[in-house]
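The structure appears right after this line, and notes come after that.
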Amino acid sequence: MFAMRSVSNRPMRHMPHMKVALMVAGAAGVLLIAAGCTKPLFPESAPRTQFEKFDAMRTGAAPKDEPDVFGTPQPALRARLTPKTTES
């Protein structure tokens, strides 16, 4: 009969290949993360919706930020959400 060897008694010949594979995978992960942080997907100056583009062409763009009483920029919700007046 054959004697069954356990996994722990096997020689560790495959370990250098596994270490190299893990190092290559780690380096690839670091490169992908570093490459993903180069520039934003959507520029800040681009309109966020088709409605903003329409408003900018028709009645002028609404301000995105306005300073509060302390001077810190806050979203200009009141200026952006008020209905536009149509002048003929």
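All of the numbers you see were taken from the coordinates with simple rules; none came from a lab. Keep in mind the model is a prediction, meaning the values are calculated, not measured.
Straight-distance candidates among the lysines for linking to K53, with alpha-carbon spacing under 28 Å and chain neighbours fewer than 8 residues away dropped: K39, K64, K84.
Close amide H partners of A76, meaning residues 5 or more places away or on another chain with modelled amide H under 5 Å apart, are D65, E66.
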